[in-house]
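Notes for the one structure printed next.
The values are calculated or read from the model by the stated rules, or taken from the named source; none is laboratory data. Given the structure is predicted, the values throughout are model-derived calculations rather than measurements. Please note: Cβ atoms are built from the backbone with ideal geometry, for glycine as well, and neighbour counts cover all protein chains shown.
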């Protein structure tokens, strides 16, 4: 019988991953898979929430106030390998992180036959950075149209505290779904390792959520912000409403 690409909903994939992990490793694995397949949330339910972005502005500003303000450290010693090999299967669900995030962020996704619904073949991205709709097709000439962006870039993290955290923490940072998002390839390339003071999404409707997630990630991994970065984030959050 001719192989056919299999489609399924994100919810079905989540249940499949959770069931496999329950059999293989128990509740701890279940929690990891749920984290990998669930859209990260930056908004806190208490306080004043921006209706447009769903971000709790006061909670984000309060969290920003807890993050140290320092200058960027030298980039000396930085390499991608300092954050582990790219796209490991950190949650042990059988799929690498890149494909987990593609499956989470795309809609109408299909999967390469014979990969146990791990390797995403096609899908549709409602890109948050540009506001465009992008059709993803896996292939040498086409995959780069949709890339997986680190909300806090690895190089920026290295220069704002990641040198001082352990190797395992850096691996977690590089593969944390909270810090990852499928994005328009050219926009991701333009962002590079810039912080909020030097690069923001062209889609202004996403900027509040974008900087709120940056704050959450920085706080989670005990990174710092530069003064221009702090001021840019604070200014955006204060204008969210």
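Among the listed residues 197, 234, which satisfies the condition of being under 13 Å from residue 69 (Cβ atoms) and in a loop (DSSP other than H, G, I, E, B)?
Of the residues listed, the single one that is under 13 Å from residue 69 (Cβ atoms) and in a loop (DSSP other than H, G, I, E, B) is 197.
Tally the residues that are without any contact (Cβ under 8 Å) to a residue 40 or more places away in the chain and loosely packed, with under 14 Cβ neighbours inside 10 Å, restricting the search to the stretch 229-241.
Number satisfying all stated conditions: 2.
Within the group 144, 155, which residue is surrounded by fewer than 15 Cβ atoms within 10 Å (Cβ to Cβ), at pLDDT 95 or above and not in a loop (DSSP other than H, G, I, E, B)?
Just a single option satisfies the conditions, and that option is 144.
Of all the residues that make up the stretch 74-86, how many are outside any loop (DSSP other than H, G, I, E, B) and surrounded by fewer than 17 Cβ atoms within 10 Å (Cβ to Cβ)?
Number satisfying all stated conditions: 2.
Listed residues 71, 54, 25, 47; which is at pLDDT 95 or above and either surrounded by fewer than 16 Cβ atoms within 10 Å (Cβ to Cβ) or at positive phi (or both)?
71
Would you check which residues across the stretch 200-222 are touching a helix residue (DSSP H, G or I) at 6+ places or on another chain (Cβ under 6 Å) and buried (at least 16 other Cβ atoms within 10 Å of the Cβ) and list them?
200, 201, 207, 211, 212, 215, 217, 221 - these are the residues of the stretch 200-222 that are touching a helix residue (DSSP H, G or I) at 6+ places or on another chain (Cβ under 6 Å) and buried (at least 16 other Cβ atoms within 10 Å of the Cβ).
Condition check: outside any strand (DSSP E or B) and either surrounded by fewer than 21 Cβ atoms within 10 Å (Cβ to Cβ) or out of contact with any helix residue (DSSP H, G or I) (no Cβ under 8 Å at 6 or more places or on another chain) (or both). Does residue 63 satisfy that?
yes
For the stretch 158-183: of the residues being part of a loop (DSSP other than H, G, I, E, B) and in contact with a helix residue (DSSP H, G or I) (Cβ under 9 Å, 6 or more places away or on another chain), which is surrounded by the fewest Cβ atoms within 10 Å (Cβ to Cβ)?
165
Given the structure, is residue 187 out of contact with any helix residue (DSSP H, G or I) (no Cβ under 9 Å at 6 or more places or on another chain) and either buried (at least 22 other Cβ atoms within 10 Å of the Cβ) or touching a residue at least 12 places away in the same chain (Cβ under 8 Å) (or both)?
Yes; evaluated as a whole, the condition is true for this residue.
Condition first: assigned to a loop (DSSP other than H, G, I, E, B) and within 11 Å of residue 177 (Cα to Cα). Now tell me which residues in the stretch 87-108 satisfy that.
Within the stretch 87-108, 90, 91 qualify.
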